[in-house]
Amino acid sequence: MRRLEKDQMTQSLEDYLEAIYIIIKEGRSACVRDVARHINVKMPSVVKAIHELKKMGLVTQEPYGPIELTPKGRKAADSVLNRHTLLRRFLVKLGVSGKTADKDACLMEHILSAETLDKIRSYTQEEEETTDENAD
């Protein structure tokens, strides 16, 4: 099994970070209970993940308080969410249902290389530009 570098996140930790970011972007406080509901896990799992994210310098949390993203955590969460959004949009363009595209994007966002993501981003932008030109 490959050993993770100190700052390398697992797929699971990326999911927790993304959930925290989404909750905060919705204007709510990211509490353990809310994160657990958002990704359908038990609260002790969230507590363990928060502990790991704290060690990586991505979140802070006072005892029983809301979870806050550090600047480094916000940047990492933004990157994960952008990958997810790009992949979901790409899959929907291919005709995949929104619900399935969301699930598949969640799986794909963790495994695709930067090169592949860049090609998908370029392709999606070209498609949108072509669609916009044809609408005129």
State whether one or more residues within the range 97-112 are at pLDDT below 95, surrounded by 12 or more Cβ atoms within 10 Å (Cβ to Cβ) and farther than 19 Å from Q11 by Cβ. no
Mind checking which residues of the range 29-57 are loosely packed, with under 14 Cβ neighbours inside 10 Å and touching a Pro at 6+ places or on another chain (Cβ under 9 Å)? S29
Is there any pair with a first residue in the range 99-122 that is in a helix (DSSP H, G or I) and a second that is of a type in the set (D, E) whose Cβ atoms are under 9 Å apart and which are 6 or more apart or on different chains, and what are they? C106/D15; C106/E18; L117/E109
Taking only the range 70-95 into account, find how many residues are touching a strand residue (DSSP E or B) at 6+ places or on another chain (Cβ under 7 Å) and either in a helix (DSSP H, G or I) or free of Cβ contacts under 8 Å to residues at least 12 places away in the same chain (or both). 2
I'd like to know if the range 69-78 contains one or more residues that are under 24 Å from R121 (Cα atoms) and loosely packed, with under 15 Cβ neighbours inside 10 Å. yes
Being in contact with a strand residue (DSSP E or B) (Cβ under 9 Å, 6 or more places away or on another chain) and surrounded by fewer than 18 Cβ atoms within 10 Å (Cβ to Cβ) is the requirement here; does K119 meet it? no
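The values are calculated or read from the model by the stated rules, or taken from the named source; none is laboratory data. Predicted, not measured: the structure shown is a model, and the values here were computed from it. Quick reminder, even Gly has a Cβ in these numbers, built from the backbone with ideal geometry, and neighbours come from all protein chains shown.
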